[in-house]
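S.K.: One structure follows; several queries about it will come next.
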Amino acid sequence: MILTVDIGNTTIALGVMRKGKALRLERVETVTPLRLLRVLRVFKNSGYAFDVAVICSVVPEVTVIVERIIRKYTNIEVKVVGRDIVVPIKNCYKNPRQVGQDRLVGAYAALHLYGKPAIVIDLGTAITFDAVSGKGEYWGGVIVPGLRLSAESLFLKTALLPEIALKAPKGVIGKTTEQSILSGLFYGYGSLCRGMIELMGRQMRMKPKVVMTGGHTRLMKKFIAPQIRSIDDHLVHKGMALLVGKPNL
């Protein structure tokens, strides 16, 4: 049994992985380590006995805190992707160190679970599009601000636009300011995703499999379909489980 920890800019996602499947997934705010302890206690009280923990992080200062908490509370081996584990996929970035480990892990998981070529769309704080070539290489990708980041920017940088909760709009043409913002976010990003899939596919010169993951996947699904072939909420966690070399995965 593997404890997988995906540390993002907004949340920490903790997964319970066994035989390639996520038995449980819990999210806590990145800046609240006490909630992390509560989740670990819940896992322990639920009878989960972990063999190893794997951390994939884009926030180095939080990684140190999380690793220390896990080691102290669970007394199991902790491996950090990028430090203790190298993702075994050829990285074609001009400066390979600039690629977030979560993007490499997602590409690696898509390659092994869904095949090649592939495009991985991760709908998180930022929306990333990552290309896996027909040769199974991490080819590169695209980064744009995510849904919540865009909504917060509108609220913080304008005088009259309100802060809103993210929910699917009723139609394209909004009848209120809130509906208009939601329409812009969901239909706008849906169009962006569909267009980016087409443009990336042209450059790849092959029809890629498209895998979508991330916190806003379910909200965005219908605004991107039918280009999405697979939705995998646990793609990065499955990738981390694969990386520790369990033969039954």
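None of the figures in this text is laboratory data; all of them are computed from the coordinates on show. The shown structure was predicted, so the numbers you read here are calculated from the model rather than taken from an experiment. Quick reminder, even Gly has a Cβ in these numbers, built from the backbone with ideal geometry, and neighbours come from all protein chains shown.
S.K.: Straight distance only, please: which lysines reach the Cα of Lys167 with their own Cα at less than 26 Å, same-chain residues fewer than 8 apart left out?
M.R.: Those lysines meeting the cut-off are Lys157, Lys175, Lys221, Lys222.
S.K.: Starting from the Cα of Arg24, move 7 Å in the Cα-to-Cβ direction to define the label point; list residues of segment 34-63 whose amide nitrogen is under 16 Å from there.
M.R.: Only 35-53 fall inside the zone, counting backbone N under 16 Å.
S.K.: Let me see the P(r) profile for segment 1-100: every Cα-Cα distance counted, bins of 5 Å, each bin given as a percent of all pairs.
M.R.: 3, 12, 24, 25, 18, 10, 5, 2, 1, 0
S.K.: What are the residues whose amide H is under 5 Å from the amide H of Val54, where those residues sit 5 or more places off or on another chain and H is modelled from the backbone?
M.R.: Leu3, Thr4, Val5, Lys79
S.K.: Moving to a separate point now. I'd like the Karplus ³J(HN,Hα) series for segment 88-100: coefficients 6.51, -1.76, 1.60, θ = phi - 60°, whole numbers in Hz, and an x wherever there's a Gly or Pro.
M.R.: For segment 88-100, the Karplus-derived couplings read x, 9, 5, 9, 8, 4, 4, 10, x, 5, 7, 7, x Hz, x marking Gly and Pro.
S.K.: Counting other beta carbons within 10 Å of each residue's own, what order do Leu3, Leu199, Leu156, Leu113 fall into, fewest first?
M.R.: Leu156, Leu199, Leu113, Leu3
S.K.: So, one more: If we count other beta carbons within 10 Å of each Cβ, what is the order of Thr63, Thr176, Thr10, fewest first? Numbers along the way, then the final one.
M.R.: Numbers: Thr63 19, Thr176 9, Thr10 16.
Exposure proxy ranking, most exposed first: Thr176, Thr10, Thr63.
S.K.: What is the antiparallel percent of DSSP beta bridges lying wholly in the chain, to the nearest 5?
M.R.: 60
S.K.: Translational diffusion coefficient of the chain at 37 °C, 0.692 mPa s, Stokes-Einstein with Kirkwood Rh over Cα pairs, in µm²/s as a whole number.
M.R.: It comes out at roughly 173 µm²/s.
S.K.: Work out the charge dipole of the chain with +1 on the Cβ of Lys and Arg and -1 on the Cβ of Asp and Glu about the Cα centre, then indicate which of Val105, Val80, Val62 is farthest towards its positive end.
M.R.: Result: Val105.
S.K.: Now, a different point. Amide H of Val210 versus every other amide H placed in the peptide plane: which residues, excluding those fewer than 5 positions away on the same chain, fall under 5 Å?
M.R.: Amide H neighbours of Val210: Ile119, Arg229, Ser230.
S.K.: In debye, nearest 20: dipole of segment 109-247 around its Cα centre with unit charges on the Cβ of K, R (+) and D, E (-)?
M.R.: Approximately 480 debye in magnitude.
S.K.: Quick one: putting +1 on the C-beta of Lys and Arg, -1 on the C-beta of Asp and Glu, what dipole do you get for segment 1-149 around its Cα centre, in Debye to the nearest 20?
M.R.: 280
S.K.: Moving to a separate point now. Would you order Arg41, Arg148 from fewest to most other beta-carbon atoms within 10 Å of each residue's own beta-carbon?
M.R.: Fewest to most other Cβ atoms nearby, the residues stand as Arg41, Arg148.
S.K.: Okay, next question. Calculate, for Lys175 and Val144, the FRET efficiency according to 1/(1 + (r/R0)^6) with r their C-beta to C-beta distance and R0 25 Å; round to the nearest 0.05.
M.R.: Step by step, r from the Cβ atoms, then E = 0.35.
S.K.: Still on this structure, I have one more. If you plug each phi of segment 37-46 into the Karplus form 6.51 cos²θ - 1.76 cosθ + 1.60 with θ = phi - 60°, what whole-Hz ³J(HN,Hα) values come out, in order, with x for Gly and Pro?
M.R.: 4, 4, 5, 4, 5, 4, 4, 5, 5, 7
S.K.: So how far, in whole Å, is the C-alpha centre of segment 8-72 from the one of segment 76-154?
M.R.: 20
S.K.: Oh, and also: Quick check: pseudo-label points 7 Å beyond the Cα along Cα→Cβ at Asn75 and Ala168, how many nm apart are they?
M.R.: It works out to 4.8 nm between the two label points.
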